[in-house]
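Working notes, beginning with the structure itself.
Throughout, read-outs are computed from the coordinates displayed, never taken from laboratory work. Remember, it's a predicted structure, so these values are computed and weren't measured experimentally. Every residue, glycine among them, receives a Cβ derived from its backbone with ideal geometry; neighbour counts consider all protein chains shown.
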Amino acid sequence: MYIIVIGGGRIGEYLIDMLVEEGHDVALIETNAERANHMAENYDILVIKGDGGEAKYLEDAGIHKADVLVACTGSDQINFVACQLAKSTYSVPKVIARTTNPSNKIIYEKLGVDVVVSTTEASAKAIYAGIKGFSAVLTFSGDVELISARVTKTSPVANRKINEIHLPWGSILAAILRDGEIRVPTEDMRIQEGDEIVIINKKGVENKVRDLIAGK
């Protein structure tokens, strides 16, 4: 895919590093000359020094052929204008935006932005997950959550078969991450120490799930 990234800060560079590793064609638009030079020297990508919220620089980056545009600067104003141009003027198939203000998500969604990521919300959820004793807690529409937790040596579920584990009502064991691989749970599969287990559940039963995995 041809992907345009606006913003070469820490988030932008981390993203570009992954995209380049996967073999995607990437163009970066970055206002800061020092950051732009750093990215040009360290990555085999097209780097445009300029404001990603201006059509000229978007066109210099090849927006007419872009499959994806990612606006991940620290400025909601630049990100919003870039997404607006990408959607309404250039009809980019997929547009992804970063916002520092969770209340702005609805504005991006009304614009038609495909994915909106609130870094503030993501950080808060990561802290919340740690408080609850999970590796991650993601909330979807309605009252559905995705919970992941690592099985320790003292976990009540360690070394037990899945058909021996009774999850709270409204919970489903969706996947097991073991040795870097995703495994589909089967009834006779045995949970091992070090497994990362992924559970989908109705909001409100996460404490019961935590007690089942980590113990009281």
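Residues considered: 157, 47, 184. Largest GNM mean-square fluctuation over the chain, using C-alpha springs under 10 Å, is found at 184. In this structure, residue 144 and residue 183 have a Cβ-Cβ separation that, at R0 = 25 Å, corresponds to a calculated FRET efficiency of about 0.65. Here the 3J(HN,Hα) profile of the range 76-83, calculated from phi with Karplus coefficients 6.51, -1.76 and 1.60 at θ = phi - 60°, is 5, 5, 5, 4, 5, 5, 4, 5 Hz, Gly and Pro shown as x. Only one residue of 189, 204, 6 has its Cα farthest out toward the positive end of the dipole of the chain, where Lys and Arg carry +1 and Asp and Glu -1 on Cβ, and that residue is 204.
Look at where the Cα atoms of the range 30-86 and of the range 3-18 average out, and the two centres are 9 Å apart.
Between residue 64 and residue 37, the modelled labels are 3.2 nm apart [label points 7 Å from Cα along Cα→Cβ]. Look at the alpha carbon pairs under 8 Å that are at least 6 residues apart: their mean separation over the length of the chain gives a relative contact order of 13 percent. The Rg/Rh ratio for the range 2-119, using Cα coordinates for both the radius of gyration and the Kirkwood hydrodynamic radius, is 0.93. Annotation: aspartates and glutamates with alpha-carbon distance below 12 angstrom to residue 203 (same-chain offsets under eight excluded): 143, 145. Apply the a/c threshold of 1.5 to the C-alpha gyration tensor of the chain and tell me whether it is rounded, prolate or oblate. In terms of gyration-tensor shape, prolate.
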